[in-house]
Structure formats: structure tokens, C-alpha cells
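Notes to accompany the following structure.
No lab work stands behind these numbers, since they all come straight from the coordinates. Everything numeric in this text was worked out from a predicted model, so none of it was measured.
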Amino acid sequence: MYDSAQQVKMGVIICTHCNSQVDTLDTDRIAVFYGVCDKTECRQMHSSIHEPQRGIDFE
């Protein structure tokens, strides 16, 4: 009989742009988190969506 057991990671990080799996996490229950992967296209898309608006004066 084997004494070692592989721990199952129930948390996962998914890329919000391409839906690829970025990483897994050791969590107490099933959890899904969203982030951005290292693909150039996804990084560029994320930057273009979240860059600050220029030329808007809030005063």
C-alpha cells in the first residue's frame, strides 16, 4: 500500500481574456479566480481596457 497521497488543489486562476488556466491554488473549497495570463495579446488587451482616461478633468 502507498503511504503518500497527492494533495488536490481546488482553486484555479483563469485568464479573463482567453480562458486559459493561469495557475492552481491550495484552497479549502472549490474557488475560481480571474486574472491575466502572460500571452502578449491578453496583456495588451488588459492594458488597453484598464489604462487611465486621458484628457478628462474631474475638477
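Key figures for this structure:
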| item | result |
| --- | --- |
| Among beta bridges that DSSP assigns inside region 11-50, antiparallel share in %, nearest 5 | 45 |
| Amide H contacts under 5 Å for GLY35, placed H, 5+ residues apart | ILE14, CYS15, THR16 |
